[in-house]
Amino acid sequence: MKDISIYFKPVSEELSEPLGELHSSLIVHDSSGFPQFDKKGIALIYVPEYRHSTIEPGSNEEFRKQFYQLSLGDSWDFSIYDLGTINPGEKTEDTYFALTQVVSELLKKDILPLVIGGSQDLTLSLYRGFEAQEQTINICSIDSSLDIGDPNAPISAEGFISHLLMQRPCYLFNYTTIGVQRPFTAKKDLDLFDKLYFDVCRLGEVNNDFKVAEPFLRNSDMLSIDFSSIHSHNDNKYSNTNGLNPLQICQMAKYAGISDKISCVGIFDVLPDQNIGSSNLLAQIIWYFIDGYSMRMGDFPIGSKKNYKKFYVHLDDFEDDLIFYKSDKSNRWWLEVQYNAESGSKYDRHKLVPCNREDYENALKDHIPDLWWKTLKKIS
């Protein structure tokens, strides 16, 4: 493993005294030195890089103080590391490079990077951290807009996805955005997502039932959260008056933690001067993700599907049956997308698509789920 300690400065000395049960269990990069990765777990990383956004630069470790004071979960039998802060480099590209190197090395050690930012264009660095694995991945974003941007324009927090799509080789299979608010989203961006067979889950759908987000999160390798997409935060510095509420975002963080597939998370657009209330909400989002991580069940893609219950659904005017799987471990559902083997095996990890029982019940009514069509189009 490469030495990644060179990119970090330790956690502030002000936080060296034990603040609570959780703090006492953490392996913290402090004056005693950089942590050794003895077992798998989660690594907390702070990156206050804001130069590609409209946010005033700065640094604020209040979220750490709020997080340290929380209680330890019931079954947290893994290591939780706080690696400290990656200071912005001389150029933004230097920060990107450092974060990419850190993410790549942690993934090799089965350590899940949990990055607190910084503007959301840092998502590109997380994505690049997966390149060494040389496999296509799915990204999920929780955001009020799509942040596509112009590939010919400079990268920004509001326009980075187009730059991600231009990466060569491209390892992106699917991109999902949850919590999209139509007033903040141009029709041309929605049309592009539709053309690429990407997924959009609107805020109204989440408000009707936040469980709609669970299959999208279960299908993702990486999660990027725009903290400013949450409703107000009890902080007038955040201006979204109609976004996700704290209960919804914490539940989604737990779903993401439970997902056996997610191996990297970023929470971005965290204001350096946010108040204690916002820092406490951020700390709780982190806590619920970790609590979900402690509940992982080894379902697909980690476990074998041999022990799953298999359901065949015949559709009128359709040659092949749809095949659904239900896990006995978790009662969660998947839909198999069969494709021509000549397309290659690089898509094998994407042919079982997370879904819910409603998709199965709708198939019984002769409705083919959109997720089946979209996945088939991308594979073929």
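Restricting to the range 186-198, give me the number of residues that are within 22 Å of GLY266 (Cα to Cα) and not in a helix (DSSP H, G or I). Residues that pass the stated criteria total 1.
Quick one: in the range 322-350, which of the residues that are of a type in the set (D, E, K, R) and either at pLDDT 90 or above or in contact with a helix residue (DSSP H, G or I) (Cβ under 7 Å, 6 or more places away or on another chain) (or both) is surrounded by the fewest Cβ atoms within 10 Å (Cβ to Cβ)?
LYS326
Taking the condition of being assigned to a loop (DSSP other than H, G, I, E, B), touching a Leu at 6+ places or on another chain (Cβ under 9 Å) and crowded, with 19+ Cβ neighbours inside 10 Å, how many residues in the range 38-49 meet it? Result for the range 38-49: 1.
Restricting attention to the range 199-225, the residues that are of a type in the set (S, T, N, Q) and surrounded by fewer than 19 Cβ atoms within 10 Å (Cβ to Cβ) total 2. Counting only helices (runs of 4 or more DSSP H) wholly contained in the range 275-380, the ones carrying 2 or more residues that are more than 21 Å from CYS201 (Cβ to Cβ) occupy 276-293.
Of all residues in the range 199-231, exactly one satisfies the criterion of being part of a helix (DSSP H, G or I), touching a residue at least 12 places away in the same chain (Cβ under 8 Å) and acidic (Asp, Glu), namely GLU214.
For (1) in contact (Cβ under 8 Å) with a residue 12 or more places away in the chain; (2) under 18 Å from the mean Cα position of the chain (by Cα), each residue gets a yes or a no:
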| residue | (1), (2) |
| --- | --- |
| PRO113 | yes, yes |
| LEU122 | yes, yes |
| GLU134 | yes, no |
| ASP147 | yes, yes |
| ARG168 | no, no |
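Just so you know, in the range 52-92 the residues that are part of a loop (DSSP other than H, G, I, E, B) and of a type in the set (Ser, Thr, Tyr) include one that is surrounded by the most Cβ atoms within 10 Å (Cβ to Cβ), and it is SER53.
Residue by residue, here is whether (1) under 29 Å from LYS108 (Cα atoms); (2) in the same structural domain as LEU106 (by TED's automatic domain parsing); (3) without any contact (Cβ under 8 Å) to a residue 24 or more places away in the chain; (4) within 22 Å of the chain's Cα centre (by Cα) holds:
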residue: LEU19; (1), (2), (3), (4): no, yes, no, no
residue: LEU22; (1), (2), (3), (4): yes, yes, no, no
residue: PRO35; (1), (2), (3), (4): yes, yes, no, no
residue: ASN60; (1), (2), (3), (4): no, yes, no, no
residue: LEU72; (1), (2), (3), (4): yes, yes, no, no
residue: TRP76; (1), (2), (3), (4): yes, yes, no, yes
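Looking across the range 118-152, the residues that are in a loop (DSSP other than H, G, I, E, B), touching a His at 6+ places or on another chain (Cβ under 9 Å) and within 23 Å of PRO57 (Cβ to Cβ) come down to SER119, GLY149. Considering VAL265, VAL270, the condition of being in the same structural domain as GLU134 (by TED's automatic domain parsing), touching a Gly at 6+ places or on another chain (Cβ under 9 Å) and farther than 28 Å from GLN135 by Cβ is satisfied by VAL270 alone.
The values are calculated or read from the model by the stated rules, or taken from the named source; none is laboratory data. Computed from a predicted structure; not experimentally measured. Neighbour counts run over all protein chains shown; Cβ positions are idealised from the backbone, glycine included.
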